[in-house]
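Quick notes on the structure that follows.
The values are calculated or read from the model by the stated rules, or taken from the named source; none is laboratory data. Just so it is clear, the model here is predicted, and its values are computed rather than measured. Here the Cβ is made from the backbone with ideal geometry for all residues, glycine too, and neighbour counts use every protein chain on show.
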Amino acid sequence: MSGIAKRRADALAVHREGRLDEAERRYRSILTDAADDGETWHYLAVLCGQCGRHAEAIECCERALAAGHRGAAVFANLANALAALGRPRDSAAALARAVAADPADPDLVLDLAECRESLGDERGALTALNAAFERFGDDPAIATSLGQLAVRVNRGSTALAAFRRAVELAPQAARHQANLGSVLQMHGRRQEAEDAYGRALELDPGLSPCYWYLTQLRRIDSGEPLGQRILAKAADDRAAPALPFAAAKILAAAGDTDAAFRHYEAGNARVREGYTYSVERAAGDMAALGERMLRESRPPGPNPGLSGPAPVFIVGMPRAGSTLIEQMLGRHPAIAAGGENPWLQRLVRDALAARGLRFPLDQDRLGDEELAAIQKAYLDSLALRGGDAPFVTDKLPANYLCLPVVRRLFPSAVVVHARRDALETCWSCYKQLFAARQDFAYDLRELARYYRASTGLIDRCRGFSDQIVELALERLLAAPEPELSRVLMRLELDWDPACLSPERAPGLVATASALQVREGLYSRPRRDAADYLPYLGQLTDGLGDVAAAG
């Protein structure tokens, strides 16, 4: 071993002991004598990163590369430092070079895919993970990441294959069984999903969400062993929220509304205590947004002739029928069901945050260049979800908060407002444990306040925008063809009878209504709020006149 190599090894040993000051002194001493020692520059970069000195870490990585030390680890550490300094695109480029330097490292592929997705490049992330899945077929982490991304971009067959592979590779891992159960449920395959959740709970009885999912798949009797286990676990004040929600569903099916409501109340309270939220601020923002839109006279934003599908936005409160509407529209040969696409709201939020502006109020302050970037990135995400279809639905309910941007970027797009009886909508939200937290949904007073504010905003927008078509669930179920035809006419599409068979939709349904829409069209919406009216005083008082108006 040469003198420099011996000194470097000694310095690295000190570094590994955690004596960072002494290690740095030794590294710098080596570099004084051998300024082109790339390996030492790399070790110093690692140390600087550990100390939070990311700009220095970048400089050291660049010195290592210039000296010819070009291993994957150097590029990976450079990527970490760039990410820490808020340079995600440069970080992704460095990660791509790391993967090129060592294509056999699955962890680098996972990091690159995650970075690309965070930048909105879901297609690039999916390509990287598909390639990794082919190359590293025995790595459950790769299979899991591919499955999770495939769900997010509406690739059901890819998700199912990936999660099945993860289970094959690690059959004793409860989370893989739970992931498989989830995607089977999204496909409407009830028995297979139930079996997967059951295996997950055998491996890990503490995996509480699985109990809730099982109550969605079938009616569980309070006297059967599974029902008894859920009720016993839910009685523990420290139980995760999924357990009282599951217990409430069991008790509701048995007709014990008093005990069911107490469990719904407990589950909602446990979720609500975990975060800070002001419904008054949210409602005030929506009122102000409506006022600003009413006064807005700016022309539509840039439309550089980008190719791709046209969006069909489905907005409104959760549990108001948006999933059913999407699945009915998605059966039309010209329309693809794109699911809940987060990217429009995410892109708008990011653009505003970059300028220190507030969402949703300051959307009217976005310039043409910012809007053009949002438009391109959003249409890319839409095309990924919709394939070659000329129209793709986006049923993220809260996209009504992005109506100013929709109005400027997509002035000819149809916006469907999914609406349902107010009391039933709110009660359905309250008894649903959402996969993604809905801040307004866990307190009856807040729920009523939010309902009035959100529907008020959309109603106000309908007053000056012919983009918005309201579809009331009650009317849609009573007369599905004439009601849905109102949307198709706006899209200049002819009626197709396939729209009356939403249960035959082949793709994923990744929402709380996944199983309900697989039952096909029913004659009227489920109504059970009346059974709980004695407990819903805060909700009915808060809704006031809209409780009767729907």
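Worth pointing out:
- Any hit, the range 391-409, residues being farther than 25 Å from residue 460 by Cα and either of a type in the set (Gly, Ala, Ser) or not in a strand (DSSP E or B) (or both): no
Residue-wise test of (1) surrounded by fewer than 20 Cβ atoms within 10 Å (Cβ to Cβ); (2) hydrophobic (A, V, I, L, M, F, W, C).
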| position | (1), (2) |
| --- | --- |
| 198 | yes, no |
| 220 | no, yes |
| 232 | yes, yes |
| 280 | yes, no |
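- Identity of the residue in the range 134-152, surrounded by fewer than 21 Cβ atoms within 10 Å (Cβ to Cβ) and among the hydrophobic types (A, V, I, L, M, F, W, C), that ends up nearest to the chain's Cα centre (by Cα): 141
- Exclusive hit being farther than 18 Å from residue 458 by Cα and modelled with pLDDT under 95, set 357, 352, 371, 347: 371
- Residue check, residue 45 under 46 Å from the mean Cα position of the chain (by Cα), hydrophobic (A, V, I, L, M, F, W, C) and farther than 22 Å from residue 66 by Cα: no
- Test: residue in the range 392-409 that is more than 20 Å from residue 346 (Cα to Cα) and acidic (Asp, Glu): no
- First in the range 35-48 and in a loop (DSSP other than H, G, I, E, B), second anywhere and buried (at least 21 other Cβ atoms within 10 Å of the Cβ), Cβ under 7 Å, 6 or more apart: 37/30
- 3 or more residues of a type in the set (A, V, I, L, M): qualifying helices (runs of 4 or more DSSP H) within the range 177-267: 190-203, 225-234, 242-253
- Top-ranked residue in the range 154-176 [being in a helix (DSSP H, G or I) and over 21 Å from the mean Cα position of the chain (by Cα); ranked as nearest to residue 506 (Cα to Cα)]: 164
- Verdict on residue 219 being farther than 22 Å from residue 265 by Cα and charged (D, E, K, R): no
- Comparison of 29, 91 shows that the only residue that is in a helix (DSSP H, G or I), among the polar types (S, T, N, Q), touching a residue at least 12 places away in the same chain (Cβ under 8 Å) and surrounded by fewer than 19 Cβ atoms within 10 Å (Cβ to Cβ) is 29.
- Residue 120 being within 29 Å of residue 154 (Cα to Cα) and either touching a residue at least 12 places away in the same chain (Cβ under 8 Å) or of a type in the set (Lys, Arg) (or both): yes
- From 18, 68, residue being out of contact with any helix residue (DSSP H, G or I) (no Cβ under 8 Å at 6 or more places or on another chain), outside any helix (DSSP H, G or I) and without any contact (Cβ under 8 Å) to a residue 40 or more places away in the chain: 18
- Verdict on residue 143 being in contact (Cβ under 8 Å) with a residue 12 or more places away in the chain, in contact with an Asp or Glu (Cβ under 6 Å, 6 or more places away or on another chain), closer than 25 Å to residue 75 by Cα and in a helix (DSSP H, G or I): no
- Verdict on residue 308 being in contact with a Leu (Cβ under 6 Å, 6 or more places away or on another chain), at pLDDT below 95 and surrounded by 14 or more Cβ atoms within 10 Å (Cβ to Cβ): yes
- Selection count, the range 77-119, where residues are among the small types (Gly, Ala, Ser) and more than 24 Å from the chain's Cα centre (by Cα): 9
Every residue, every condition in (1) surrounded by fewer than 22 Cβ atoms within 10 Å (Cβ to Cβ); (2) touching a residue at least 60 places away in the same chain (Cβ under 8 Å); (3) of a type in the set (S, T, N, Q), yes or no:
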| site | (1), (2), (3) |
| --- | --- |
| 343 | yes, yes, no |
| 354 | yes, no, no |
| 360 | no, yes, no |
| 370 | yes, no, no |
| 373 | yes, no, no |
| 387 | yes, no, no |
| 400 | no, yes, no |
| 423 | no, yes, no |
